[in-house]
Amino acid sequence: MKNKIVLTGGGSAGHVTPNLSLIPDLQNAGWEIHYIGTKKGIESKVVPKDSVIYHSVKAGKWRRYFDWKNLTDIFNVFLGICKSTLIIRKIKPNVIFSKGGFVSVPIVIGGWLNRVPVILHESDLTPGLANKLSTPFAQNICTSFAETLDFLPKNKSIHVGSPIRQELISGDASNGLSFCGFVEGKPILMVLGGSLGSVKINKLIRDNIYDILNKFQIVHICGKGKLDKGFNEIQGYRQFEYVQKEMADLFKITDIAVGRAGSNSIFEFLYLKIPSLLIPLPKTASRGDQILNAAMFSELGYSKMLQEENLTDEAFLDALDELFHDKEKYIQKMMRAKLPDGKENIVKLINQFNIERNVMQ
């Protein structure tokens with residue numbers, strides 16, 4: 001009988017792309033892969049349906065502000081647990097791997113109700129709400145940061161590293177330049193605001209575009225629905241809502257980057273040795289996880305950090321200049337980083353879990 005695994009995680013690309021990085025290795029190891037997510041979330045759009053069996057369930061999101069949807073979403077979570085339980089009972093997977101996000105909680109509980117082992121992965125320095133809720137139902141919690149172990153149960157937590165998409169290292173610079181219509185020789189700035197984009201960062205770039213273009217060509221990944229047609233004809237500036245298959249080529253031509261401080265992005269910058277200016281989401285818009293991520297990378301010398309409350313046009317342009325001027329120092333620090341192979345470690349753990357389960361049976 002073929003080994004089966006359920007992957008879950010969604011709500012934002014940060015909870016999906018690490019799962020995508022695991023799929024080729026799991027397929028090579030002979031796993032039949034199922035993905036449980038929502039019907040309209042980003043996971044439903046980017047999971048490869050030709051090689052992965054996709055199932056959709058209801059999920060509820062807890063908002064950090066008053067909203068009547070918090071009440072109705074409690075009902076959606078209940079529906080999601082019921083449907084997840086039935087789907088998992090039908091699939092009979094050997095293991096469930098959850099990357100977190102509000103989408104994942106019903107699936108984790110559904111797995112627990114079916115007595116299927118659950119492995120979680122926490123990307124941020126401190127655990128998010130979904131993984132906190134899921135921890136009692138999991139056998140193991142894996143982490144990107146070694147320091148995250150201090151916030152988790154010692155008997156079930158493992159530092160494995162961040163699972164990086166293997167295809168990111170195989171970019172082609174000439175393809176990247178051609179894709180953007182850029183010239184050789186002039187430095188390239190990549191701007192990332194996460195899969196949903198950042199209104200604040202987008203405005204910052206566009207308000208200062210000509211000052212930035214004096215020194216850089218700009219590839220701006222601005223998020224769904226956040227393109228501005230008024231900037232389409234500006235030489236040396238290219239904007240995209242979202243990039244998938246060409247991302248490796250764009251990374252290959254990037255000299256420095258600007259972005260939020262989601263864990264997956266900053267570990268990709270570190271893995272690819274791209275100095276970055278991180279502008280984390282403020283506590284008014286998040287639980288503060290990005291501030292902690294950015295502070296840690298700044299302290300280690302991998303990135304420069306600029307908090308949103310200190311964000312002015314002048315401060316931003318100065319920080320950009322300083323980052324580019326000192327980029328070799330940042331690269332040297334990144335070169336000395338000891339990075340565990342998160343993808344390999346997670347696949348090993350999944351395979352080991354399956355071996356142990358088969359022995360017990």
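The values are calculated or read from the model by the stated rules, or taken from the named source; none is laboratory data. This is a predicted model, so every value here is computed, not measured. Every residue, glycine among them, receives a Cβ derived from its backbone with ideal geometry; neighbour counts consider all protein chains shown. Please note that ligands, DNA and RNA were not included when accessible areas were found on the heavy atoms of the full protein model with its side chains. Shrake-Rupley method; radii C 1.70, N 1.55, O 1.52, S 1.80 Å.
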Solvent accessible area, Å² - TRP31, 1.4 Å probe, full protein context: 10
message: Relative contact order of the chain, please, whole-number percent, based on alpha carbon pairs below 8 angstrom and at least 6 residues apart.
response: 14
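Could you give the length gained by full extension between ALA146 and ASN345, i.e. 0.36 nm per residue of separation minus their alpha carbon distance, to one decimal place?
Once the chain is fully extended between ALA146 and ASN345, it gains 70.3 nm.
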- request: With springs only between Cα atoms under 10 Å apart, run a GNM on the chain and tell me which of SER198, SER178, SER21 wobbles the most.
  value: SER178
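Hey, got the dipole for the chain? About the Cα centre, +1 on K and R Cβ, -1 on D and E Cβ, debye to the nearest 20? Can you show the working numbers first?
Details: 45 positive and 36 negative charges, 369 e Å.
Around 1780 debye, computed over the chain.
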task: Obtain the nm distance between the two label points defined at GLU246 and ASN28 by a simple spin-label model: each point lies 7 Å from its Cα along the Cα-to-C-beta direction.
output: 2.8
Apportionment of accessible area to carbon and sulfur, the chain, percent (1.4 Å): 54
field: Partners for LYS4 among aspartates and glutamates (Cα-Cα distance below 14 Å; same-chain residues under 8 apart left out)
entry: ASP25, GLU32
query: In cubic angstrom, how much convex hull volume per residue do the alpha carbon atoms of segment 41-183 span?
result: 175
message: Please check: in the Gaussian network model of the chain (C-alpha springs, under 10 Å), which one of LYS92, LYS45, LYS229 has the largest mean-square fluctuation.
response: LYS229
query: How many Å² of accessible area per residue for the chain, probe 1.4 Å?
result: 47
task: Compute the length gained on full extension between PHE78 and LEU317: take 0.36 nm times their separation in residues and subtract their Cα-Cα distance, giving the result in nm to one decimal.
output: 81.2 nm
Estimated FRET transfer efficiency (LYS132, ASP172; beta-carbon r; R0 45 Å; 0.05): 0.65
Scaled radius of gyration (Cα, divided by 2.2 N^0.38 Å) that segment 152-266 gives: 1.19
- request: Please work out, to two decimal places, the log10 of the ratio I(q)/I(0) at q = 0.18, 0.23, 0.28, 0.30 Å⁻¹ from a Debye calculation in which every Cα of segment 101-164 carries one identical scatterer.
  value: -0.58, -0.92, -1.24, -1.34
message: Give the aspartates and glutamates reachable from LYS252 as a straight Cα distance under 14 Å; neighbours fewer than 8 places away on the same chain don't count.
response: GLU167, ASP172, GLU184, GLU268
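Rounded, prolate or oblate: which fits segment 217-357, taking a ≥ b ≥ c as square roots of the Cα gyration tensor eigenvalues, rounded meaning a/c under 1.5, else prolate when a/b beats b/c?
prolate
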task: Averaging over all projection directions, find the projected area of the Cα convex hull of the chain and quote it in nm² with one decimal place.
output: 18.3
query: Counting only protein chains, not ligands or nucleic acids, how are ARG287, ARG89, ARG336, ARG260 ordered by accessible area (probe 1.4 Å), most first?
result: ARG336, ARG89, ARG287, ARG260
statement: Sorted largest first, the C-alpha extents of segment 239-302 along its principal axes in whole angstrom are 33, 27, 15
statement: The size of the Cβ-based charge dipole (Lys, Arg +1; Asp, Glu -1) of segment 227-361 about the Cα centre, to the nearest 20 debye, is 740
- prompt: Could you sort LEU120, LEU213, LEU149 by accessible area so the largest value comes first, with the probe set to 1.4 Å?
  reply: LEU149, LEU213, LEU120
message: Need the list of aspartates and glutamates near LYS45 for cross-linking: C-alpha distance under 18 angstrom, and skip anything on the same chain fewer than eight residues off.
response: GLU241, GLU246
message: With a 1.4 Å probe and all protein chains kept in place, how do LEU192, LEU277, LEU86 rank by accessible area, largest first?
response: LEU86, LEU192, LEU277
task: Please give the length that would be gained between GLU328 and TYR210 if that part of the chain were fully extended, namely 0.36 nm times their separation in residues minus their C-alpha to C-alpha distance (nm, one decimal).
output: 40.0 nm
message: Exceeding 31 Å between C-alpha atoms, which entries from my cross-link table qualify? They are LYS224/LYS283; LYS40/LYS304; LYS90/LYS224.
response: LYS40/LYS304; LYS90/LYS224
message: Can you compute the helix-only [θ] at 222 nm over the chain? Use -39500 (n - 2.57) per DSSP H run of at least 4 residues, normalise by all residues, nearest 500 deg cm²/dmol.
response: -12000 deg cm²/dmol
query: Say the cut-off is 32 Å between C-alpha atoms; which of LYS83/LYS229; LYS132/LYS338; LYS39/LYS132 go over it?
result: LYS83/LYS229
Per-peptide average of other Cβ atoms within 10 Å, ordering 150-157, 267-274, 101-108 highest first: 101-108, 267-274, 150-157
statement: Reported to the nearest 10 Å², MET335 has, with a 1.4 Å probe, an accessible area equal to 120
